[in-house]
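Okay, so here's the structure we're looking at.
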């Protein structure tokens with residue numbers, strides 16, 4: 001992609017997952033409905049406050065064994081849409097294998113800067129480390145997320161409670177985002193582009209698996225491949241997972257399903 005010669009409309013389209021997937025709204029609606037049912041069936045540890053802002057809340061789903069592994073899953077939506085409760089069903093695949101799950105909320109742009117959102121996720125992880133045991137979550141943590149959550153996973157991989165990461169369909173270079181409609185709410189600064197782009201930052205020596213769908217938009221594919229290549233060049237652990245035929249939305253089924261490709265890789269990351 002020759003970004004410098006593209007029109008604004010072409011740059012917007014390069015990151016427009018909703019327009020690129022014809023049934024994206026139906027897929028989102030189905031995931032949200034399944035998540036509402038999942039959440040309603042497990043009401044014991046919902047909306048636990050970790051910070052002062054409205055969305056600074058955790059949904060926790062402890063396993064039968066308090067020492068079981070726990071997936072912490074950060075929702076997507078380009079840092080400006082969606083909420084944790086719309087993604088609860090993605091815990092289902094690993095829950096079948098005895099895992100716990102925890103989903104944090106965060107303030108959305110423009111009510112928070114991206115710097116602020118990253119800080120909120122780090123504060124949420126601080127809270128989980130201190131308070132998770134009181135809610136039956138004591139096991140090793142796999143940090144994961146989809147889309148914007150994939151970016152936040154890479155940004156917070158170094159947190160002390162995180163054993164490994166699984167970034168799904170993430171954005172790892174923020175420079176091009178500034179030239180799209182996404183920046184109308186994000187309002188990225190030059191400093192944020194440098195300090196919050198995982199492709200520009202020092203590498204974290206923990207396992208990080210990076211997944212993308214082979215039918216995703218090109219920037220998401222290239223960001224995933226580039227971050228993995230940079231980590232592999234430094235001999236850091238973590239596989240690249242191209243999910244055959246998956247688009248930006250159907251890739252999440254591979255974590256939702258007990259035998260999904262991402263469910264299998266997640267289990268391997270904490271073995």
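Every number in this text was worked out from the coordinates using simple rules, so none of it is lab data. Quick caveat: nothing in here was measured; it's all calculated off a predicted structure. Methodologically, a virtual Cβ is constructed for each residue, glycine included, from the backbone with ideal geometry; neighbour enumeration extends over all protein chains shown.
Could you tell me how many degrees, from 0 to 90 and to the nearest 10, lie between the Cα long axis of helix 114-131 and the main elongation axis, the longest principal axis, of the Cα atoms of the chain?
10 degrees
Which value in nm describes the separation of the simple spin-label points at residue 203 and residue 161, placed 7 Å from the Cα toward the beta carbon?
2.8 nm
Measure nothing but the geometry: give the 0 to 90° angle between the long axis through the Cα atoms of 218-233 and the longest principal axis through the Cα atoms of the chain, rounded to 10°.
70 degrees
If the elastic network links every pair of Cα atoms under 10 Å, which of 148, 205, 101 fluctuates the most in the Gaussian network model of the chain?
It is 205.
For q = 0.18, 0.24, 0.25, 0.26 Å⁻¹, what log10 I(q)/I(0) does segment 50-134 give under the Debye formula with an equal point scatterer on each alpha carbon and no solvent?
Calculated log10 I(q)/I(0) at the listed q: -0.75, -1.17, -1.23, -1.29.
Let me know the Kirkwood hydrodynamic radius for segment 189-269, please, with Cα pairs as the basis and the value in Å to one decimal.
13.7 Å
Give me the extension gain from residue 195 to residue 235: residue separation times 0.36 nm, minus the current Cα-Cα distance, reported in nm with one decimal.
In short, 12.1 nm is gained.
Arranged by the count of other C-beta atoms within 10 angstrom, fewest first, what order do 261, 208 take?
Fewest-to-most ranking of 261, 208: 261, 208.
Take residue 179 and residue 26, extend 7 Å from each Cα along the Cα→Cβ direction, and tell me the distance between the two endpoints in nm.
Roughly 3.5 nm, to one decimal.
With both partners inside segment 3-269, how many of the DSSP beta bridges are antiparallel, as a percent to the nearest 5?
If I count the DSSP bridges inside segment 3-269, around 20 percent turn out antiparallel.
Helix 24-40 against the longest principal axis of the chain: what's the angle in degrees, Cα atoms only, rounded to the nearest 10?
20 degrees
For 200, 8, 256, which order do you get if you count the other beta carbons within 10 Å of each Cβ and list the fewest first?
8, 200, 256
In whole angstrom, note down how far apart the Cα centers of segment 183-261 and segment 1-77 are.
The distance from the Cα centre of segment 183-261 to that of segment 1-77 comes to 15 Å.
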